[in-house]
Amino acid sequence: MKREGKLLKNTAILGLGVFFPKLAIFVALPILTAKLSRADYGTYDLIITLVSLVLPLATVQIQSAAFRFLIDIQKNKNEQERLITTIYVFVLATSVICLTIVFLVLGTMQNRIRILLCAYYLFDIVSIVNRQIIRGLLKNVDYAVSAFISGFGQIIFLVLFLYGLNQELGGALAAVTIAEFCSMMYLFIKGRIFTYIKWGKFDYKLLKELLMYSWPMVPNSLAQWVIHTSDRFVITGILGIAANAVYSVAYKIPSILSLAQTTFNMAWQENASISVGDEDASEYYSHMFRVLFDIISGMMSVLIGMTPVLFLIFVQGDYEEAYSQIPILFMGMFFLCLSTFWGGIFVAIKQTKAVGTTTVIAAVVNLTINLILIRVLGLYAASISSVLAYTIMCLIRVYKLNKFIEIHYDLKHIIIVIIILVCQCVMCFKNSIQFNILNVISGLTVCIVLNLGLLKALFKIKFH
């Protein structure tokens with residue numbers, strides 16, 4: 001129970017860190033879609049997507065090693081300084097090279113847009129590195145506060161630039177750039193990361209060790225990018241920039257489910273890494289999978305029921321076509337959440353290569369199906385390809401993980417719940433008043449029934 005209590009506490013704290021940026025995305029959606037044209041919003045989305053592509057290439061995902069290696073050297077200030085300094089030297093050096101290339105390659109863009117894009121990338125990558133370092137130092141509250149600054153800052157600056165100063169695309173980029181800069185500086189100063197940077201402690205041998213751990217995460221990140229965002233480029237290239245805006249809007253509501261999993265997974269990676277050597281690790285992981293499965297299923301059931309209302313609240317402008325994609329994308333997000341849980345165990349046992357290979361396979365499936373069907377099915381091709389890719393990744397990870405540690409599953413329970421969720425998605429797709437009412441009732445019922453034991457346990461857990 002001590003491990004579960006710690007996991008729940010960390011999930012609550014880190015949850016705020018994940019919640020605020022995601023909340024900002026939802027609050028920003030009507031602000032952006034009401035002010036920007038479809039073309040400008042589509043371009044804005046592609047620029048943000050481009051940053052997510054360049055990031056793992058430039059850093060070799062070394063920030064993922066920051067968290068995992070710092071966990072093993074708690075209370076050893078000298079080793080922490082050596083590790084953090086080594087990571088900073090590498091990230092700053094590679095960022096300068098990468099940003100120079102990006103600035104030159106995007107020569108056809110306006111100089112203002114290019115400068116803002118490069119500034120956003122730099123502040124974003126340093127913020128990401130800082131957050132992983134802070135997590136590794138177990139300063140989770142500082143992590144949450146920095147995320148609040150980033151999310152809240154985006155909303156404030158978007159309103160200021162788009163409505164106060166009547167800016168358009170450039171103003172939107174300036175808003176997210178300034179918000180990320182504020183978040184970066186908070187962690188650097190309040191988290192006192194600067195006290196760990198001693199330039200003379202750069203260690204090339206340690207750098208090689210860190211890169212040996214992190215480099216398999218590069219194909220994983222690129223493959224995730226292919227699954228998450230290559231759809232946007234395929235859609236833009238074949239169906240047009242306006243169609244990409246529609247698909248981007250459709251993705252927002254299902255991504256709430258991913259928000260819940262991301263929140264849990266950050267705390268889960270910490271707990272899984274600490275518990276990996278325990279005698280009952282297999283039983284603990286099996287128990288936590290059942291807990292996660294029921295939480296995610298319950299949340300998804302409620303979200304499906306609430307989709308018509310959420311769509312009316314968060315989507316402004318001419319985006320009605322996006323609604324029909326949402327139920328399909330929900331199923332994709334569901335299998336992504338399960339895959340991420342197993343990915344956390346792979347990270348704990350330092351088998352990052354398995355994470356990378358499974359994601360690459362899923363990415364190939366996603367891109368292939370998308371390219372084959374996009375001209376025939378339109379936006380449905382992107383949604384369907386995502387569902388199939390995440391499902392395949394999920395099944396392969398289950399198979400591979402069984403080679404390292406045995407996880408027990410209640411297959412009957414899993415199958416019944418998935419059938420119920422699929423039925424709810426079909427009713428959501430139909431979008432009739434009768435089905436929508438039934439979906440709300442069934443969603444609340446499923447959520448309560450699946451998580452009744454957890455709700456009771458919450459009253460018994462004491463945080464120390």
Test: I416 is out of contact with any helix residue (DSSP H, G or I) (no Cβ under 6 Å at 6 or more places or on another chain) and surrounded by 20 or more Cβ atoms within 10 Å (Cβ to Cβ): no
Tabulated pairs, the stretch 333-360, first basic (K, R), second outside any helix (DSSP H, G or I), C-beta under 6 angstrom, 6+ apart or interchain: K353/P216
Some residue of the stretch 380-399 being without any contact (Cβ under 8 Å) to a residue 60 or more places away in the chain, more than 18 Å from T340 (Cα to Cα) and surrounded by fewer than 19 Cβ atoms within 10 Å (Cβ to Cβ): yes
Residue in the stretch 300-307 that is β-branched (V, I, T), part of a helix (DSSP H, G or I) and without any contact (Cβ under 8 Å) to a residue 12 or more places away in the chain present: no
Given (1) modelled with pLDDT under 80; (2) over 25 Å from I178 (Cβ atoms); (3) crowded, with 17+ Cβ neighbours inside 10 Å, number of the condition I84 does not satisfy: (1)
Selection count, the stretch 163-208, where residues are more than 21 Å from N111 (Cβ to Cβ), buried (at least 20 other Cβ atoms within 10 Å of the Cβ) and among the hydrophobic types (A, V, I, L, M, F, W, C): 4
Which listed residue, of I155, I125, is surrounded by 17 or more Cβ atoms within 10 Å (Cβ to Cβ), within 25 Å of Q61 (Cβ to Cβ) and among the β-branched types (V, I, T): I125
Residue identified as more than 14 Å from A24 (Cα to Cα), touching a helix residue (DSSP H, G or I) at 6+ places or on another chain (Cβ under 8 Å) and in the same structural domain as Y41 (by TED's automatic domain parsing) among V129, V176, V159: V129
Flag for Q424 being modelled with pLDDT of 90 or more, under 29 Å from S301 (Cα atoms) and not acidic (D, E): yes
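Residues checked against (1) closer than 17 Å to S324 by Cβ; (2) in the same structural domain as Y323 (by TED's automatic domain parsing); (3) small (G, A, S):
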site: I420; (1), (2), (3): no, yes, no
site: F429; (1), (2), (3): yes, yes, no
site: L438; (1), (2), (3): no, yes, no
site: G443; (1), (2), (3): no, yes, yes
site: V449; (1), (2), (3): no, yes, no
site: K456; (1), (2), (3): no, yes, no
Checklist (1) surrounded by 14 or more Cβ atoms within 10 Å (Cβ to Cβ); (2) free of Cβ contacts under 8 Å to residues at least 24 places away in the same chain applied to L411, failing item: (1)
Cross-chain or 6+ apart pairs with Cβ under 7 Å, the stretch 90-108 first and touching a residue at least 60 places away in the same chain (Cβ under 8 Å), then part of a helix (DSSP H, G or I): F90/I62; F90/L207
Some residue of the stretch 351-368 being farther than 30 Å from A66 by Cα and hydrophobic (A, V, I, L, M, F, W, C): yes
Lone qualifier among V398, V309 - being out of contact with any Ser or Thr (no Cβ under 7 Å at 6 or more places or on another chain) and under 30 Å from L239 (Cα atoms): V309
Selected residue (only one of N111, N76 is exposed (fewer than 15 other Cβ atoms within 10 Å of the Cβ) and farther than 20 Å from Y196 by Cβ): N111
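The values are calculated or read from the model by the stated rules, or taken from the named source; none is laboratory data. Since the model is a prediction, treat every value here as computed from it, not as a measurement. Every residue, glycine as well, gets a Cβ built from its backbone with ideal geometry; the counts of neighbours run over all protein chains shown.
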